[in-house]
Amino acid sequence: MTDQSDELSIGQVAERTGLSVHALRFYEREGIFLSPIRRAAGGRRVYTEDDVDWLTLCTILRGAAMPLDDIRRYTELVRAGDGNEPERLALLRRHEERVREQQHKLDRCLDLTRFKIGVYEDILAGDTAPAEDKASLADEKGILVMSEGTPHASGPDDVPANGDDRPAFDTSVAHQARIYDYWLGGKDNYAADRKAAEEAIAAYPGVVTGARANRQFLARAVRHLAADAGIRQFLDIGTGIPTANNTHEVAQAVAPGSRVVYVDYDPVVLAHARALLTSREAGATEYIDADLRDTDTILEQASQTLDFSQPVAIMLIAIMHAIGDVDPYQIVAKLMDAVPPGSHLVLSHVASDIDPEQIAEATARLNQLSRQHFTLRDHAQVLRFFKGLELLEPGVVRVEKWRASELETQYQSAMWGGMGRKP
């Protein structure tokens, strides 16, 4: 029998383990104690040092994402004594994989946090950092870093003169991905992005609901492809800053083995994507830093993750209207030529023939303030992107009308969208 000097009250155990009294009683109800319940002469529950040690271990396991059912089972196995070590080992190995996955996500989030700290330090320092320090950061992150207020060197059609066509990180110039992030209620945007976004809203207030309708269209399209069309590979070009219902999240919720490659060339998108767009263990998620115009690079790098002998969904969501300086139809044709029959094209595009005067004014304001220049297209021009493909019902329609529930149609847009299958 344990000496009374070894007995601990629930308050003492709470203090020693850092758990609340409520949590301790919950653990007790769930059977997460090694020793049988013991009570003092007055009837109160008493605890021992062994209970403290075990609860501390279980708290660590729980904090590192071990499911409660696994903790309960592990407790039962230890309580039962020797002879069940193989099952204990299997439980712990399964948990080790979860911890490694959590560690991987935390490492990526740490990289993102450090990146953003550097951005703000650069801005607050007034761009006084030595050039060699900036070059070092650019090398490390694979981006070009510039401070707010510093103009970027540009070539023809506002292409940066940096040798590889990637945009310098210049917060004084609005960028499509960050403008879109603002319309969706995100926080990863800067003063220039917010000004451009608000100018567009002033000309056409429906741009905000249009962005949300477009996001819902993406989710419905991916869900159909994964659940009904059996697609397990996705090439999402023009990713934008990650938000809710990203392509890999929707696809892997249906088919955990889905493989997704994201493509964008904005440095902020790059930093967020590498930190936040993490795959389920059964699938794969990769990110390519490239311009949509550079289809050869995209296809070459995507082939390291995707099997182009099997069907692929090409996702071009609200990106083709940013292409006006080269033939946009040739870009889409080249992408679809690279994938086999059974592949799909999903595309949405700002319309020139829905609320045309307001949309034209909103676009003109964006073109004055944004790095990209946007080109509007009418229904017939958007339909042309699906040339040679079997257009799925209901065809090319406003994105909020594409296989939407009644609730989803509350968001109105000035965007055409559709899906086609390669025969």
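Residues of region 180-215 being more than 17 Å from I319 (Cα to Cα) and not in a helix (DSSP H, G or I), which ones? Correct list: G185, G186, K187, D188, N189, Y190, Y204, P205, G206.
Reported count of residues in region 329-360, each being surrounded by 15 or more Cβ atoms within 10 Å (Cβ to Cβ) and acidic (D, E), is 2. Being under 16 Å from R212 (Cα atoms) and modelled with pLDDT under 95 is a description that applies to A414.
Taking the listed residues R100, R88, R25, the one that is assigned to a helix (DSSP H, G or I) and closer than 25 Å to E7 by Cα is R25, with no other qualifying.
Can you tell me how many residues in region 212-232 are out of contact with any strand residue (DSSP E or B) (no Cβ under 9 Å at 6 or more places or on another chain) and at negative phi?
Going through region 212-232, the residues out of contact with any strand residue (DSSP E or B) (no Cβ under 9 Å at 6 or more places or on another chain) turn out to be 212, 216, 219-220, 223, 227-228, 230.
Now narrow it down to the ones that are at negative phi: 212, 216, 219-220, 223, 227-228.
Count: 7.
Which one is surrounded by the most Cβ atoms within 10 Å (Cβ to Cβ) among residues in region 369-392 that are in contact (Cβ under 8 Å) with a residue 40 or more places away in the chain and polar (S, T, N, Q)? Ranking the candidates gives S370 first. Please work out which residue is nearest to R45 (Cα to Cα), limiting yourself to region 12-29 and to residues that are buried (at least 16 other Cβ atoms within 10 Å of the Cβ) and under 38 Å from the mean Cα position of the chain (by Cα). In this case the residue turns out to be L24. Taking the criterion of being modelled with pLDDT of 95 or more and part of a helix (DSSP H, G or I), the residues of region 331-357 that qualify are I331, V332, A333, K334, L335, M336, D337.
Residue-by-condition table, conditions (1) under 26 Å from S303 (Cα atoms); (2) touching a Lys or Arg at 6+ places or on another chain (Cβ under 9 Å); (3) hydroxyl-bearing (S, T, Y):
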site: E199; (1), (2), (3): no, yes, no
site: A203; (1), (2), (3): no, yes, no
site: V208; (1), (2), (3): no, no, no
site: V222; (1), (2), (3): yes, no, no
site: A226; (1), (2), (3): yes, yes, no
site: A229; (1), (2), (3): yes, yes, no
site: D236; (1), (2), (3): yes, no, no
site: V250; (1), (2), (3): yes, yes, no
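For region 393-411, the candidate set comprises residues that are part of a loop (DSSP other than H, G, I, E, B) and either buried (at least 17 other Cβ atoms within 10 Å of the Cβ) or aromatic (F, W, Y) (or both); within that set, the residue that is farthest from the chain's Cα centre (by Cα) is V396. I need the full set of residues from region 73-104 which are in contact (Cβ under 8 Å) with a residue 60 or more places away in the chain and either among the acidic types (D, E) or assigned by TED's automatic domain parsing to the domain that holds S35 (or both), in order please. Within region 73-104, E97, E101 qualify. Of all residues in region 303-325, those that are free of Cβ contacts under 8 Å to residues at least 60 places away in the same chain have Cβ atoms under 9 Å from Cβ atoms of residues that are of a type in the set (K, R), 6 or more apart or on another chain, in T305/R259; H321/R377; I323/R293.
Taking T243 as the residue in question, decide whether it is in a loop (DSSP other than H, G, I, E, B) and over 23 Å from S303 (Cβ atoms). Spelling it out, T243 is indeed in a loop (DSSP other than H, G, I, E, B) and over 23 Å from S303 (Cβ atoms).
The values are calculated or read from the model by the stated rules, or taken from the named source; none is laboratory data. None of the values given here were measured: they were computed from a predicted structure. Here the Cβ is made from the backbone with ideal geometry for all residues, glycine too, and neighbour counts use every protein chain on show.
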